[in-house]
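S.K.: First the structure, which I've put down as structure tokens, then a few questions once you've had a look.
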Amino acid sequence: MITKKPDRTPAPTMRCPGAERGRYARLLAGGYDVVITGGTGFRLRDSRSGHVIGEFADTRDVFVATLAEVANGIPSRALRMDVRIPTGEYELETGGDTLVHLAQSALGAPNEQPKRVAEG
């Protein structure tokens, strides 16, 4: 993925090298969009039924819809984001937890997954 304008803000020091939580949120707030090279549109669908939840012109809207669906109880593993390519066809880009984590990171939303607890 690339952005329409390079992000020149320094990356904060984090526990996980290479990860910058909320970087895309700052870009989106600044009027930019997360761009998937070659993508001309996005579709969010439920992989269990094939039902198309929505079609979107930009990534911000598909990420918002992704988090809304998870909040409404759809399992993250059932969500798929397809990217429309210039021919008009759709290709699977990502899905499941990867899509949810991407949406959370892009929007700066907290990761609200339950933490594993060791039984003793």
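S.K.: Consider Arg80 against the criteria (1) surrounded by 14 or more Cβ atoms within 10 Å (Cβ to Cβ); (2) at pLDDT below 95: it satisfies all of them except one. Which criterion is unmet?
M.R.: Result: Arg80 fails condition (2) only.
S.K.: Shifting gears a bit: For the subset of the stretch 103-113 comprising residues that are in contact (Cβ under 8 Å) with a residue 24 or more places away in the chain and out of contact with any Phe, Trp or Tyr (no Cβ under 7 Å at 6 or more places or on another chain), which member is surrounded by the fewest Cβ atoms within 10 Å (Cβ to Cβ)?
M.R.: Restricting attention to the stretch 103-113, the residues satisfying the condition of being in contact (Cβ under 8 Å) with a residue 24 or more places away in the chain are 103-109.
With the extra rule that they be out of contact with any Phe, Trp or Tyr (no Cβ under 7 Å at 6 or more places or on another chain), the set shrinks to 104, 108-109.
Working: Gln104: 22, Gly108: 14, Ala109: 16.
Of everything passing the filter in the stretch 103-113, Gly108 is surrounded by the fewest Cβ atoms within 10 Å (Cβ to Cβ).
S.K.: How about the stretch 47-91: which of its residues are among the hydrophobic types (A, V, I, L, M, F, W, C), assigned to a strand (DSSP E or B) and in contact (Cβ under 8 Å) with a residue 12 or more places away in the chain? If you could, list the steps in order and put the result at the bottom.
M.R.: Residues of the stretch 47-91 that are among the hydrophobic types (A, V, I, L, M, F, W, C), as a first pass: 52-53, 56-57, 62-65, 67-68, 70-71, 74, 78-79, 81, 83, 85.
Filter once more, so that each one left must be assigned to a strand (DSSP E or B): 52-53, 56, 79, 81, 83.
Listed by number, the residues that qualify are Ile53, Phe56, Leu79, Met81, Val83.
S.K.: Another question, then. On the basis of being at pLDDT 90 or above, over 18 Å from Ala106 (Cβ atoms) and not basic (Lys, Arg), does Ser49 make the cut?
M.R.: Taking the combined requirement at face value, the residue satisfies it.
The values are calculated or read from the model by the stated rules, or taken from the named source; none is laboratory data. Everything quoted here is computed from the prediction, not taken from an experiment. Here the Cβ is made from the backbone with ideal geometry for all residues, glycine too, and neighbour counts use every protein chain on show.
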